[in-house]
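Below is one structure; the comments refer to it alone.
Every number here is computed from the coordinates shown, using simple stated rules; none is lab data. Remember, predicted model here, so these are calculated numbers, not experimental data. All Cβ positions, glycine included, derive from the backbone under ideal geometry; neighbour counts span all protein chains shown.
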Amino acid sequence: MALLLDPANQVIGANKAARKFFEIDPARLPASLVEVTLESRLFEIVRTGLPVAEAQLVHRRRTVTTRLVDGRREGEKLLYLTDVTELQRLTTVRQEFVANLVHELKTPITSLRLTAESLLGEPPARDRRRFAERIVTEADLISKIIDNLRQLGDIEMGAMSIDLSQFDLSDLIHESVDRLGASRTINTGVATGLIISCDRPKLAQALGNLLDNAVKFSPQATAIDVQAQVAGAEVVISVRDRGPGISPEHWSRVFERFYKVDRARPREAGGFGLGLAITKHLVNDLGGRIWTETARDGGQVFFIALPHQVLTGA
């Protein structure tokens, strides 16, 4: 974006990008920089003559870098603006990802080292077995993190193909419920004969992740509800737990890698914060959408909505 300013710092011209961004009517020029952009920070940058600066645009909630150079005519200046909002967001996401990955790996690696050091001390036989089992457990945890990250990478790079097949959604849901075993009461409400065309293994994994999540974050004696129904142009699958629920400010972020609402929870109880991220990518690849909200009478509900094209029968 570029704005041309006269010696009095009035805007006398703007390129197409700037006109669109600031909604400038060329017929109303010349006009003051503040009047045109509604941003006092830009006026301050021009007034002080800063050649390079960064500005938070209040009215548009964007971040821009600015470059101020002399114009062709004496006293005129050109103000170039580059929107770096998305770049900064991606930088923050990358930094958070690295920090979270280090955090998740540090604990099992530290445990591995301490356990190995204990074995070097030649403990009694009963302790050697316990230490060896601990090493296997921590190594499995690290392997699971790596496998999940590899799958996320494959999905994001488009390396995973979609293999469509027709199947009864009720059968898939009941199979997913059966995998949990008898340790938890699962209430299902699925329309019979709901035949869909979808990638069955990927949908099964997405649903399985939601069920695992519900088990982890709800009290042992409570039930989990799984429902599936046609809603307008979509088939909607819901998994509801009766846990403490999630505050609204976390609803969108729970699908980020390594994001945890309660970081005080043990890894064994709360997982690594990768399951929901994988689920979101799987659902997106299936052409659907995923979201969460609080249940009316407590607990949290996660929804998967698939487009109506998946329906092949009723």
>> Taking 8 Å as the Cα distance limit and 6 or more residues as the minimum spacing, I'd like the relative contact order of the chain as a percentage.
In response: 12 percent
> In which sequence would 20, 144, 202 go, from the one with the fewest C-beta neighbours within 10 Å to the one with the most?
Replying inline: 20, 144, 202
> Which lysines have a Cα lying under 22 Å from the Cα of residue 77, excluding residues fewer than 8 positions away in the same chain?
Replying inline: 16, 20
> How far, in degrees from 0 to 90, does helix 85-120 lean away from the longest principal axis of the Cα atoms of the chain, to the nearest 10?
Replying inline: 30 degrees
> What's the angle, to the nearest 10 degrees (0 to 90), between helix 275-285's Cα axis and the longest principal axis of the chain?
Replying inline: 70 degrees
> Cα gyration tensor of the chain, axes a ≥ b ≥ c as square roots of the eigenvalues: rounded (a/c below 1.5), prolate (a/b > b/c) or oblate?
Replying inline: oblate
> With springs only between Cα atoms under 10 Å, which of 206, 27, 191 fluctuates most in a Gaussian network model of the chain?
Replying inline: 27
>> Treating only the Cβ of Lys, Arg, Asp and Glu as charged (+1, +1, -1, -1), what charge dipole size does the chain show about its Cα centre? Round to the nearest 20 debye.
In response: 580 debye
>> Relative contact order of segment 153-201, please, whole-number percent, based on alpha carbon pairs below 8 angstrom and at least 6 residues apart.
In response: 58 percent
> What shape does segment 145-254 have by the C-alpha gyration tensor, where a ≥ b ≥ c are the square roots of the eigenvalues, rounded means a/c under 1.5, and otherwise prolate means a/b greater than b/c and oblate the rest?
Replying inline: oblate
> Under the classification rounded if a/c is under 1.5, otherwise prolate if a/b is larger than b/c and oblate if not, where does segment 1-107 fall, given a ≥ b ≥ c as square roots of the Cα gyration tensor eigenvalues?
Replying inline: prolate
> When we measure straight from the Cα of residue 106, which lysines land under 28 angstrom away, once same-chain ones fewer than 8 places off are left out?
Replying inline: 144, 216, 260, 280
